[in-house]
Amino acid sequence: MTASISHATPIVFVVDDDISVRESLELLISCEGWKPETFASAQEFLIRPRPDVPSCLVLDVSLPDLSGLDLQNRLARERTYMPIMFITGHADIPTSVQAMKAGAVEFLTKPFKDNLLLDAIRESLDRSRLALARQMEMRMLWNRYASLTGRERQVMALVVSGLLNKQVGGELGISEITVKAM
């Protein structure tokens, strides 16, 4: 894991249309050393640029413009590294099952115990850290691959398919020493 990801201050996003909930969660999150960012609607949240630090989302189910479940579905495609915890004042079993099946880390009914939410946030930030590290590794691998010449890519494809250097050379009409040098 890179130092920039492991030492960056995590962001905990809160999307809830109730200002008192946003303010109390902002204080709770700040006390844990995380950076809170609060939004009154899903649309406000979606305007915010994608962070490159570990992050998670505490999301109300009932929102005025785009429901929490609809936002969850959208984020599943766009921000796969951002775990979601739901909070709601009106819980029902079908909604909670739908949220959990779609990947929610937690589904809490208001009022909830602070430690339950904080534990879910910790777990979510750990997941986010790992996902960001994997994305960074993949980006580095892709950049390395992109820097290869066409011939180096041909050699690599044959080597990873299981051919010996001598077989790769024979297939491409080059010497075994040239294959090894690539």
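The values are calculated or read from the model by the stated rules, or taken from the named source; none is laboratory data. The structure presented is a predicted model; accordingly, all values stated were derived computationally and were not measured. Don't worry about glycine lacking a Cβ; one is built from the backbone with ideal geometry, like all the others, and counts go over all protein chains shown.
Would you mind stating whether Pro83 is under 19 Å from Leu46 (Cα atoms) and not small (Gly, Ala, Ser)? Show your work before the answer.
On the way: under 19 Å from Leu46 (Cα atoms): yes; not small (Gly, Ala, Ser): yes.
Yes, satisfied.
In the stretch 38-53, the residues that are free of Cβ contacts under 8 Å to residues at least 24 places away in the same chain never reach a residue that is buried (at least 18 other Cβ atoms within 10 Å of the Cβ) and hydroxyl-bearing (Ser, Thr, Tyr) with C-beta atoms less than 9 angstrom apart, at least six apart or across chains. Taking residues in the stretch 57-77 that are closer than 18 Å to Ser128 by Cβ, and partners anywhere that are in a loop (DSSP other than H, G, I, E, B) and of a type in the set (A, V, I, L, M), the pairs with Cβ atoms closer than 8 Å and at least 6 places apart or on different chains are Leu57/Met82; Leu71/Leu63; Gln72/Ala102; Gln72/Ala104; Arg74/Leu66; Leu75/Met82; Ala76/Ala102.
Considering only residues that are at pLDDT 95 or above and outside any strand (DSSP E or B), which ones fall in the stretch 5-15?
Filtering the stretch 5-15 down to residues at pLDDT 95 or above leaves 10-15.
Pro10 - this is the single residue of the stretch 5-15 that is at pLDDT 95 or above and outside any strand (DSSP E or B).
Out of the residues in the stretch 114-159 meeting the condition of being among the basic types (Lys, Arg) and farther than 30 Å from Trp34 by Cβ, tell me which one is surrounded by the fewest Cβ atoms within 10 Å (Cβ to Cβ).
Taking the stretch 114-159 as the starting set, the residues that turn out to be among the basic types (Lys, Arg) are 122, 127, 129, 134, 139, 144, 151, 153.
Going one step further and asking which of them are farther than 30 Å from Trp34 by Cβ, we end up with 144, 151, 153.
Values: Arg144: 9, Arg151: 12, Arg153: 13.
The qualifying residue surrounded by the fewest Cβ atoms within 10 Å (Cβ to Cβ) is Arg144.
Aromatic (Phe, Trp, Tyr), part of a strand (DSSP E or B), modelled with pLDDT of 90 or more and in contact with an Asp or Glu (Cβ under 8 Å, 6 or more places away or on another chain), is that true of Phe86? Yes.
Looking at Ser147, Ser128, Ser124, just one residue is without any contact (Cβ under 8 Å) to a residue 12 or more places away in the chain and either hydroxyl-bearing (Ser, Thr, Tyr) or farther than 30 Å from Ala76 by Cβ (or both), and that residue is Ser147.
Could we say that Arg134 is in the same structural domain as Phe13 (by TED's automatic domain parsing) and farther than 16 Å from Ile11 by Cβ here? It is true that Arg134 is in the same structural domain as Phe13 (by TED's automatic domain parsing) and farther than 16 Å from Ile11 by Cβ.
Looking at the stretch 160-173 only, could you name the residues that are surrounded by 13 or more Cβ atoms within 10 Å (Cβ to Cβ) and without any contact (Cβ under 8 Å) to a residue 12 or more places away in the chain?
From the stretch 160-173, those surrounded by 13 or more Cβ atoms within 10 Å (Cβ to Cβ) are 163, 165, 167-172; that's our starting set.
Selection gives Leu163, Gln167, Gly169, Gly170.
Of the listed requirements (1) surrounded by 13 or more Cβ atoms within 10 Å (Cβ to Cβ); (2) within 16 Å of Ser128 (Cβ to Cβ), Thr9 misses just one: (1). Note on the stretch 49-83: among residues that are of a type in the set (Gly, Ala, Ser) and assigned to a helix (DSSP H, G or I), the one that is surrounded by the most Cβ atoms within 10 Å (Cβ to Cβ) is Gly68. Take Leu108 and decide whether it is over 19 Å from the mean Cα position of the chain (by Cα), surrounded by 12 or more Cβ atoms within 10 Å (Cβ to Cβ) and among the hydrophobic types (A, V, I, L, M, F, W, C). Against the criterion (over 19 Å from the mean Cα position of the chain (by Cα), surrounded by 12 or more Cβ atoms within 10 Å (Cβ to Cβ) and among the hydrophobic types (A, V, I, L, M, F, W, C)), Leu108 qualifies.
A quick yes/no check of all residues on (1) over 19 Å from the mean Cα position of the chain (by Cα); (2) over 20 Å from Lys113 (Cα atoms):
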| residue | (1), (2) |
| --- | --- |
| Val21 | yes, no |
| Ser30 | yes, no |
| Ala40 | yes, yes |
| Ser55 | no, yes |
| Leu63 | yes, yes |
| Gly68 | no, yes |
| Met82 | no, yes |
| Ser96 | yes, no |
